[in-house]
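Engineer: Please find one structure pasted underneath; my questions will follow.
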Amino acid sequence: ADLFYTPQGKDGNTDASVQKCALTIPAGSTLRLSDLLSSYFSASGTGQIELRSASTGALSLRTTVESTTGGDPTTKYGTEIPTVSYGSGVGLGGGILAVPGIDDDAVRRANLILAETRGASATAVVTVYDSNGGVVGTKPYFLPAYGKVQVDRVVNDVSPGATLSGGWLSVSVSSGSGRVIPVATVIDNRSNSFSAVLGQGPPAQLAGSAGGIQALAAAPLKFIVPAAVRARGAFTQFVTDLKVVNPTGAPANLTLTYNYIDLEDGNLVKSVQRPVTIPARGSLSAAFSNDVISSLFNVTNQSKGSITFEGSVGQVAAAAAISAQVDPADPSKGVKTAQINRSFLDSPDILASGSPEVRFAGCEKSIQKRTSLIVLEVDGGSCAVKVKGITTTGELLAERSFNITPGQYFQIVDLFGADGLNLGDGPFQNVEVSVQVVSGSGRVIALSTVNDNISQNPEIFVLQVPGSTGPTIGF
């Protein structure tokens, strides 16, 4: 495989000096490229990375960004940066991509990354809306071939002096033959932690498991946010925000269901349902989207579960974020946040018996980090799943099977511990976990959560089918 780095010049254009790095990845192995730009390209700055391979094997690419302030490990934060397929995104005449969860207020601000993925220039038009569907501002941005533009405080950039809570933005292309992908970084003003939210299209233009824009046979009737929590963890307090946007010209009538385990009532399985109407080109207001388990579902006991959407799901885009307080005794220090995207129930990330296994490489157990595994049954059937731990060289560390009951939210708090793969205290780093349904009628989605023990930063990864279609471009 070859990696190509296209630096971004200070003038917003791409630098002509594209750099190449050749990689050899043995069968079944994981290669972690730490401090990628410095270690492999002797570079600093910002730009795009493209992965190309003529190999017939299945390659997966995932990217995370981590940062600390002044070298203080208690300030560390990080998140997964979405990777997308070559040529994906919105093009001229292709409608819009919507990005939910755009704020610019006392608590949060949002930056916007626009990346061209096809190798041709394009002019992207960004329009910011408030929660009622009113236009806050609009502005064009030119992207050269493989160009990347970062718009800091995008709300202020399109409308100087504006503030916004619970808004969203759309991205379209007004000229050029390029294709554009938007990613918003939603930043906590107190901690500087951020989550990265990929632009979403309607069901006919959904981002699939590899991040590419793919056509679906028909609009699915449901989608799911597979993890939501409002509970005290080992070191902090977790809450969930839910951002929902309706970019269409007609109201969207939805039914949201929180299926959860009540951690203060004997771990009983419970469910609560709420009707929600999102106005045309509007979004779920901040009064309900922030701390959604309490504010919308009125569940104040400690709980964890998932949120299912029914109704006009073809009209809306949605993303959730789970936040951990930096210091539960001092809210002024803010939160660390991990994003969770929606999954449609015909997504390849949802497994049935006979489906390929899904994987995530990056599980860790050390003084610095801990890893959990969540397996959620989504269809009301029972099944057996096999969980494996695999080394970076492709060797099996351990495997274990678990029976999953209908609708169960099954969590292994310590993936490496006695309730999981029973591998002990480690330390372990860069371990790959795989999940496969081996029998039964149930279907599941699997997530790995990697939490920083020192800074309380959470990262949440949906396990995915290995491989992608064509070259993959990330930013």
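Engineer: Taking GLY133 as meeting all but one of (1) touching a Pro at 6+ places or on another chain (Cβ under 6 Å); (2) open to solvent by 50 Å² or more (accessible area, probe 1.4 Å), write down the number of the exception.
Structural biologist: (2)
Here's the yes/no breakdown for (1) at pLDDT 95 or above; (2) out of contact with any strand residue (DSSP E or B) (no Cβ under 6 Å at 6 or more places or on another chain); (3) more than 22 Å from ILE445 (Cβ to Cβ); (4) among the charged types (D, E, K, R):
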{"position": "ILE224", "(1), (2), (3), (4)": "no, no, no, no"}
{"position": "THR236", "(1), (2), (3), (4)": "no, no, yes, no"}
{"position": "GLY249", "(1), (2), (3), (4)": "no, yes, yes, no"}
{"position": "LEU256", "(1), (2), (3), (4)": "yes, no, no, no"}
{"position": "VAL276", "(1), (2), (3), (4)": "yes, no, yes, no"}
{"position": "VAL292", "(1), (2), (3), (4)": "yes, no, no, no"}
{"position": "ILE307", "(1), (2), (3), (4)": "yes, no, no, no"}
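Engineer: Name the residue, out of SER165, SER191, that is open to solvent by 20 Å² or more (accessible area, probe 1.4 Å) and within 25 Å of ASN457 (Cα to Cα). Let's see the steps before the verdict.
Structural biologist: Working: SER191 fails: open to solvent by 20 Å² or more (accessible area, probe 1.4 Å).
Selected residue: SER165, the only one of SER165, SER191 that is open to solvent by 20 Å² or more (accessible area, probe 1.4 Å) and within 25 Å of ASN457 (Cα to Cα).
Engineer: A further question follows. Among the residues of the range 341-355, is any over 23 Å from the mean Cα position of the chain (by Cα) and either surrounded by 14 or more Cβ atoms within 10 Å (Cβ to Cβ) or part of a loop (DSSP other than H, G, I, E, B) (or both)? Give the steps one after another, and end with the answer.
Structural biologist: Of the residues in the range 341-355, the ones over 23 Å from the mean Cα position of the chain (by Cα) are 353-354.
Going one step further and asking which of them are either surrounded by 14 or more Cβ atoms within 10 Å (Cβ to Cβ) or part of a loop (DSSP other than H, G, I, E, B) (or both), we end up with 353-354.
Checked the range 341-355: at least one residue is over 23 Å from the mean Cα position of the chain (by Cα) and either surrounded by 14 or more Cβ atoms within 10 Å (Cβ to Cβ) or part of a loop (DSSP other than H, G, I, E, B) (or both).
Engineer: Checking the condition β-branched (Val, Ile, Thr) and without any contact (Cβ under 8 Å) to a residue 40 or more places away in the chain, which residue from ILE49, ILE25, ILE96 passes? Let's see the steps before the verdict.
Structural biologist: Values: ILE49 fails: without any contact (Cβ under 8 Å) to a residue 40 or more places away in the chain; ILE96 fails: without any contact (Cβ under 8 Å) to a residue 40 or more places away in the chain.
Unique residue meeting the criteria: ILE25.
Engineer: Which residue, of SER88, SER39, SER44, SER60, is assigned to a loop (DSSP other than H, G, I, E, B) and at pLDDT 85 or above?
Structural biologist: Values: SER39 fails: assigned to a loop (DSSP other than H, G, I, E, B); SER44 fails: at pLDDT 85 or above; SER60 fails: at pLDDT 85 or above.
One residue alone meets the criteria, SER88.
Engineer: Go through (1) part of a loop (DSSP other than H, G, I, E, B); (2) in contact (Cβ under 8 Å) with a residue 24 or more places away in the chain one by one and return the number of the condition ALA329 breaks.
Structural biologist: Exception for ALA329: condition (2).
Engineer: Further, regarding this structure: I'd like the full set of residues that are in contact with a Pro (Cβ under 6 Å, 6 or more places away or on another chain) and either aromatic (Phe, Trp, Tyr) or surrounded by 17 or more Cβ atoms within 10 Å (Cβ to Cβ) (or both), limited to the range 51-82. Lay out the reasoning, then the answer.
Structural biologist: Taking the range 51-82 and keeping what is in contact with a Pro (Cβ under 6 Å, 6 or more places away or on another chain), we get 52, 58, 60.
Hit for the range 51-82 is SER60, nothing else.
Engineer: Within the range 150-187, can you find the residues that are more than 16 Å from VAL125 (Cβ to Cβ) and either free of Cβ contacts under 8 Å to residues at least 24 places away in the same chain or hydroxyl-bearing (Ser, Thr, Tyr) (or both)?
Structural biologist: Quick first cut of the range 150-187, residues more than 16 Å from VAL125 (Cβ to Cβ) only: 150, 152-153, 156, 160-167, 183, 185-187.
If the condition is that a residue be more than 16 Å from VAL125 (Cβ to Cβ) and either free of Cβ contacts under 8 Å to residues at least 24 places away in the same chain or hydroxyl-bearing (Ser, Thr, Tyr) (or both), then PRO160, GLY161, THR163, SER165, THR185 are the ones that fit.
Engineer: Still on this model: Of the residues GLY119, GLY95, only one is more than 23 Å from the chain's Cα centre (by Cα) and either part of a loop (DSSP other than H, G, I, E, B) or surrounded by fewer than 18 Cβ atoms within 10 Å (Cβ to Cβ) (or both); which? Give the derivation first.
Structural biologist: On the way: GLY95 fails: more than 23 Å from the chain's Cα centre (by Cα).
Just one listed residue meets the conditions, GLY119.
Engineer: Output the number of residues of the range 150-178 satisfying the condition of being part of a loop (DSSP other than H, G, I, E, B) and within 21 Å of the chain's Cα centre (by Cα). Give the derivation first.
Structural biologist: Just the residues of the range 150-178 that are part of a loop (DSSP other than H, G, I, E, B), to begin with: 152-153, 159-163, 177-178.
From what's left, within 21 Å of the chain's Cα centre (by Cα): 152-153.
Count: 2.
Engineer: Ok, one more. Would you check if ARG370 is closer than 25 Å to ARG62 by Cα, in a strand (DSSP E or B), among the charged types (D, E, K, R) and open to solvent by 10 Å² or more (accessible area, probe 1.4 Å)? Step through it out loud before you land on a result.
Structural biologist: On the way: closer than 25 Å to ARG62 by Cα: yes; in a strand (DSSP E or B): yes; among the charged types (D, E, K, R): yes; open to solvent by 10 Å² or more (accessible area, probe 1.4 Å): yes.
When the stated conditions are applied, ARG370 passes them.
Engineer: Still on this structure, I have one more. With the checklist (1) in contact with a Lys or Arg (Cβ under 8 Å, 6 or more places away or on another chain); (2) farther than 24 Å from ALA321 by Cα; (3) modelled with pLDDT of 95 or more in hand, flag the one item VAL433 doesn't pass.
Structural biologist: For VAL433, the failing item is (2).
Engineer: Now for a different question. When you look at GLY147, is it open to solvent by less than 20 Å² (accessible area, probe 1.4 Å), more than 20 Å from the chain's Cα centre (by Cα) and in contact (Cβ under 8 Å) with a residue 60 or more places away in the chain, yes or no? Before you say what the answer is, go through the steps one by one.
Structural biologist: Values: open to solvent by less than 20 Å² (accessible area, probe 1.4 Å): yes; more than 20 Å from the chain's Cα centre (by Cα): yes; in contact (Cβ under 8 Å) with a residue 60 or more places away in the chain: yes.
Yes: the conditions hold for GLY147.
Engineer: Here is a list: ARG274, ARG230. Which entry is under 21 Å from VAL107 (Cβ atoms) and either open to solvent by 40 Å² or more (accessible area, probe 1.4 Å) or assigned to a helix (DSSP H, G or I) (or both)?
Structural biologist: Details: ARG274 fails: under 21 Å from VAL107 (Cβ atoms).
Within the list ARG274, ARG230, the selection yields ARG230.
Engineer: Here's a follow-up. Scan the range 65-85 residue by residue and report those that are outside any strand (DSSP E or B) and touching a Leu at 6+ places or on another chain (Cβ under 8 Å).
Structural biologist: Let us first name the residues in the range 65-85 that are outside any strand (DSSP E or B), namely 70-71, 82.
Within the range 65-85, PRO82 is the sole residue that qualifies.
The values are calculated or read from the model by the stated rules, or taken from the named source; none is laboratory data. In this text the structure is predicted, and so the values were computed from the model without any measurement. Here the Cβ is made from the backbone with ideal geometry for all residues, glycine too, and neighbour counts use every protein chain on show. Ligands, DNA and RNA are stripped out before the accessible areas are found, and what is left, the full protein with its side chains, is counted by its heavy atoms. Shrake-Rupley method; radii C 1.70, N 1.55, O 1.52, S 1.80 Å.
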